Amino acid sequence: MNTYPSAVSPELVGEYPAYAKSGGGYFFDDVLEYRVWCHPERGAPDEFDGEDYYYAFASYDEALAFAEHFEGAEQPLVLIRQWEWINEPSPNEFIHEKGERVTEWQVEWLARGARQPGQIEAFIQQRRHTSE
């Protein structure tokens, strides 16, 4: 049972760059892949001269099943794409950004659902009224 969205383009899973931004943005547009990072220092096989590495999956359920049975593996993370997001350069300062941003997220953050039209504007407006 898929508890989170599957990758938008399963044929591209594993093709995205390993390095991405981490966290942030509050909203997501697309799930690109789920990643399970493996650590030789925690018991994962040493496949890259002691460096950490990951396996990519199209669904959360596949990633979770792998992580639970692979020594030295973290719980899954999700690689997402944001076409619009919120930049928070300092506490309670919210800037609506547009472009393409790819970042790794905690999987639980997907529970908020994909970004909907007007959601970012409403989020910022609500925070402005709360801080006044």
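The values are calculated or read from the model by the stated rules, or taken from the named source; none is laboratory data. Owing to the predicted nature of the structure, the values given are computational and were not obtained by experimental measurement. Note that we place each Cβ from the backbone using ideal geometry, even for glycine, and neighbour counts take in every protein chain shown.
The table that follows gives values for the structure above.
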{"quantity": "Some residue of the range 100-121 being free of Cβ contacts under 8 Å to residues at least 24 places away in the same chain and touching a strand residue (DSSP E or B) at 6+ places or on another chain (Cβ under 8 Å)", "calculated": "yes"}
{"quantity": "Close pairs from the range 1-22: first over 21 Å from residue 85 (Cβ atoms) and in contact (Cβ under 8 Å) with a residue 60 or more places away in the chain, partner surrounded by 15 or more Cβ atoms within 10 Å (Cβ to Cβ) and of a type outside the set (Gly, Ala, Ser), Cβ under 8 Å, at least 6 apart", "calculated": "1/61"}
{"quantity": "Any strands (runs of 3 or more DSSP E) falling wholly within the range 25-132 and containing at least 1 residues that are surrounded by 11 or more Cβ atoms within 10 Å (Cβ to Cβ) and either more than 22 Å from the chain's Cα centre (by Cα) or of a type in the set (Ser, Thr, Tyr) (or both)", "calculated": "30-38, 53-57, 93-106"}
{"quantity": "Subset of the range 1-44 that is of a type in the set (Gly, Ala, Ser) and at pLDDT below 95 - its residue that is farthest from residue 68 (Cα to Cα)", "calculated": "25"}
